[in-house]
Each structure stands twice: as C-alpha cells, then as structure tokens.
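The values are calculated or read from the model by the stated rules, or taken from the named source; none is laboratory data. Only a predicted model underlies this, so the values are computations on that prediction, with no experimental measurement involved. With ideal geometry, Cβ positions are generated from the backbone for all residues, glycine too; neighbour counts draw on all protein chains shown.
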Amino acid sequence: MPITPTAAINSQHLSSRTPLMGWPAVVSVMLGIFAIVTTEILPVGLLTSIGSDFTVSDGMAGLMMTMPGFLAAAAAPLVTAATARCDRRLMLCVFMLLLALANFLAAVAHGYWLVLISRVMVGITIGGFWPIGAGLAERLVPTASVGRATAVIFSAVPLGSVLGVPTGTLIGQFAGWRTALVVMGLLAVGVLVMLFLFVPPLPPVRVTRLGVLSPMLRSVDTRFALLLTFLIVLAHFATYTYVTPFLEQVTHAGDGLITAFLLLYGAAGILGNFLGGAWVARYPRSVFGLAAGLIAAATLLLPALGRWNAGAVVLLVVWGIAYGAVPVASQTWFSKAAPRTPEAASVLFTASFQATISVGALVGGIVLDRTSPSTVMLLGGCTAVLMLPATGARCAERFTGPVCEERS
C-alpha cells in the first residue's frame, strides 16, 4: 500500500473536544492560507510599481508570479514526502515563518534578483503549507462540523482576492510597495503565533509516498482533470496577471479606480466560489464548462468593451464569478478521480495548479512584452474556449468517473 498508517489520532481527545475548541485552530489555518494566497498574487496589483522601481519590463516583472508557481509545483510532492513523519503543526509554523522572511526580504531588496529569491521562498511555502492545511478540518473539529470547517479554510482563497490584494495594492499606492510587503510579513508573523497557540500537536496519521502519484497519473480521470485544469488556469493567469497594465494602458484608469476594480473582481470571486462549491459535486462538467465560457467571454470582449470604465468593470465582475468557481471545481475533480488517496490527490492538485499559474504568467509576460495587453486578453480567451469542446468530448467518450453529471 502506498499510504500506510504511522500514527493514530488521539480518539479520546477528539471525542471530548467541544465544538468550539477547534475553531480557533481552523481560523488560524484559514488565515495562513489567506496570507499565502495574498502574498502570491499581490504582484498583480503592484506589478508596474515594482517593475518601474527596478527598471524592468512588465513581462519581466511577471516573473514574480511565475517563480512561486514553479517552486510550489516541485515542492508539493517533495516536501510532503520529506516531512511526512513530522508533526503537522510544526511544519505549518515553519512554512509560515518562511513566508514572513520572504516578505521582509522582498521589502528590503536592493535588486530585482533578491525579489525573485523571495518569490522562491513563497513557492516553497505554498507547496508545503497547502497540502497539509487543506485537509486538516477533520482533525480539528468534531465530525459534524468538518464540512463547515473545510468551507472556512477554503474561503481564504477568494478572500485573498477580495480583501488581500486590493488592500495590499492600496497600501502600496499610498505608502509604497515595500510597506505593503512589510505588512504582509507582519501578518505572517501574527498567523505563526496563532498556529502555535491554537493548533494542537498533530502527529502524522498517514505517510504519502511519491510512488502513489504514478498510478494516479495513469488514470484517465486524473489525466482529464489535469487537462482541464491546465487549460482554464493557463487562460486565467496569462491574462489576469497583466490586468493592471491593461487597465492603465487601455481603460486609462487611475490608481484608485484600479483598486476599486480589483476589489469588485474579488467580491465576485467570493460569490463564484460559493456558487461553484454548491453545484460542483452534482454538476462538475457544467461548472467547469460554464466557468471556462465566462472567462473566455470576458477576456475576448475586454479589448473592445474594456476601453470604457463601465465595460471594464462589468466584464471583471463576470470574470471574477467565473474564476471563483475554478479552484473548488478543480480540486473536486482531482478528489473524485482518486477517492482512496485524498492527500495524494491534494498534492497533485496543488502541483498542477501552481505549475500552470507559472506557465500562464510566463507566457502572458512574453506576449505582453512583444505585443500589447489587448493581445494578451485575446489569446487567453482563445485558450479558455478550448475548454468547451474538451468537456463535451469527455462525456461523449463515455469514460467512467466524475466528469458526467449523469454518472456522478
């Protein structure tokens, strides 16, 4: 067996725990993921400011999005396997300390290469923290509360967009991007203290070996989950990473208006997250297909309608609702494709998602430096369109698995 027990959960402790005792721990994990998500995508709002300070192009500045994704993709399986026998609370604290150091390093960086080193540290944090934290709800609260606790933990993803990035961008505009990173470092320190105080000791229950990933990759359902995740995440991050240059150069929006646009986008993302989460278990193909169609429509129409503020904000709201459903839809597909190995499915989801974020940001940056923000949007929209025949073809081929609602 690729996954074997190494330690038992203290059942007496779990049974005696009152429903409220585990919630501070759940909130601590949620805030950890919030800090990670915000740190990862904060360059979307600060891209031009950081790039101009170091006199690098917008495409080169996009490496701040590319670096964490590649490192997280490699770190997810390697770090999970290497630390499988370590107490999970200890590892969460170590990764949060690393995140704080990464933000402080970037805040005092005198050269762009130091910023990129800090982003490597962010990538390692993502790859290590996420696979552990995502599955901790069942060990922190009674069984009856696991569903709600899981929803609280995953709410950190859209909250990072709706609160973290606009707030960080606003701080950057008024006090400088370095101040925004210092604030993120202080947040990480605060979360570190909360994790230490509120999360109980968590000895490992199972060991996930790297060998479990090979059989998963031979599964048709897993490969299809990889394909759909690649297409939609590539389309999103090749475009969204450079939405600030688009709003500056095409919409001609000022700094305050861009912050407001990003805030509305993030609020729409929260709505999409809850809508997607409610429907994806029964209608996985429809949720993925609808999200892809809306992202395609928004990005393809932005070069034409995004020249006006009203057009830009409407399309960003549509885009936010659509992408808000993507992470929960993708993770659900991976989980259903490998129901017997949930931690390994989480590792594969994290690795594939983060790797595609990097590829998308890299490709979008290359296209941006050679063409224009409008061209980036058009190419991203065309990539999202490819999702539509892919989802239809999957059901037409009559494979078993989680992809057709009729068989879910």
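Does Ser346 satisfy the criteria of being more than 30 Å from Glu138 (Cβ to Cβ), hydroxyl-bearing (Ser, Thr, Tyr) and in contact with a helix residue (DSSP H, G or I) (Cβ under 8 Å, 6 or more places away or on another chain)? Walk me through it before giving the result.
Numbers: more than 30 Å from Glu138 (Cβ to Cβ): no; hydroxyl-bearing (Ser, Thr, Tyr): yes; in contact with a helix residue (DSSP H, G or I) (Cβ under 8 Å, 6 or more places away or on another chain): yes.
So Ser346 fails the test.
For region 235-265, the set of residues classified as crowded, with 24+ Cβ neighbours inside 10 Å and over 17 Å from Ala304 (Cα atoms) consists of Ala235, His236, Phe237, Ala238, Thr241, Leu262, Tyr265, listed by residue number. Checked against (1) buried (at least 22 other Cβ atoms within 10 Å of the Cβ); (2) modelled with pLDDT under 85, Gly168 passes all but condition (2).
Within region 81-122, restricting attention to residues that are among the charged types (D, E, K, R) and either modelled with pLDDT of 95 or more or assigned to a helix (DSSP H, G or I) (or both), the residue that is surrounded by the most Cβ atoms within 10 Å (Cβ to Cβ) is Arg119.
Looking at Leu348, Leu300, Leu264, Leu316 in this structure, which one is in contact with a Cys (Cβ under 8 Å, 6 or more places away or on another chain) and either modelled with pLDDT of 80 or more or not hydroxyl-bearing (Ser, Thr, Tyr) (or both)?
Leu300
Scanning region 136-165 for residues that are surrounded by fewer than 17 Cβ atoms within 10 Å (Cβ to Cβ) and not in a helix (DSSP H, G or I) turns up just one, Pro142.
Somewhere in region 291-301, is a residue of a type in the set (S, T, N, Q), assigned to a helix (DSSP H, G or I), buried (at least 21 other Cβ atoms within 10 Å of the Cβ) and not assigned by TED's automatic domain parsing to the domain that holds Gly168?
Looking only at region 291-301, we keep the residues that are of a type in the set (S, T, N, Q), and these are 299.
Checking the rest, the ones that are also assigned to a helix (DSSP H, G or I) come to 299.
From the residues that got through so far, the ones that are buried (at least 21 other Cβ atoms within 10 Å of the Cβ) too are 299.
Filter once more, so that each one left must be not assigned by TED's automatic domain parsing to the domain that holds Gly168: 299.
Taking every residue of region 291-301 in turn, at least one turns out to be of a type in the set (S, T, N, Q), assigned to a helix (DSSP H, G or I), buried (at least 21 other Cβ atoms within 10 Å of the Cβ) and not assigned by TED's automatic domain parsing to the domain that holds Gly168.
Can you find even one residue in region 271-287 that is under 22 Å from Gly364 (Cα atoms) and crowded, with 22+ Cβ neighbours inside 10 Å? No, region 271-287 contains no residue that is under 22 Å from Gly364 (Cα atoms) and crowded, with 22+ Cβ neighbours inside 10 Å. Pairs linking a residue in region 371-398 that is in the same structural domain as Ala291 (by TED's automatic domain parsing) and at pLDDT below 90 to a residue that is assigned to a loop (DSSP other than H, G, I, E, B) and not aliphatic (A, V, I, L, M), with Cβ atoms under 6 Å and 6 or more positions apart or on different chains, are Cys395/Cys404.
Between Ile132, Ile126, Ile153, the distinction of being within 12 Å of the chain's Cα centre (by Cα) and either in the same structural domain as Leu46 (by TED's automatic domain parsing) or modelled with pLDDT under 85 (or both) belongs to Ile126 only. Checked against the criteria, Ala281 counts as in a loop (DSSP other than H, G, I, E, B) and in contact with a helix residue (DSSP H, G or I) (Cβ under 8 Å, 6 or more places away or on another chain). Could you tell me whether any residue of region 272-288 is of a type in the set (Gly, Ala, Ser), at pLDDT 85 or above and in the same structural domain as Val317 (by TED's automatic domain parsing)? Within region 272-288, one or more residues are of a type in the set (Gly, Ala, Ser), at pLDDT 85 or above and in the same structural domain as Val317 (by TED's automatic domain parsing).
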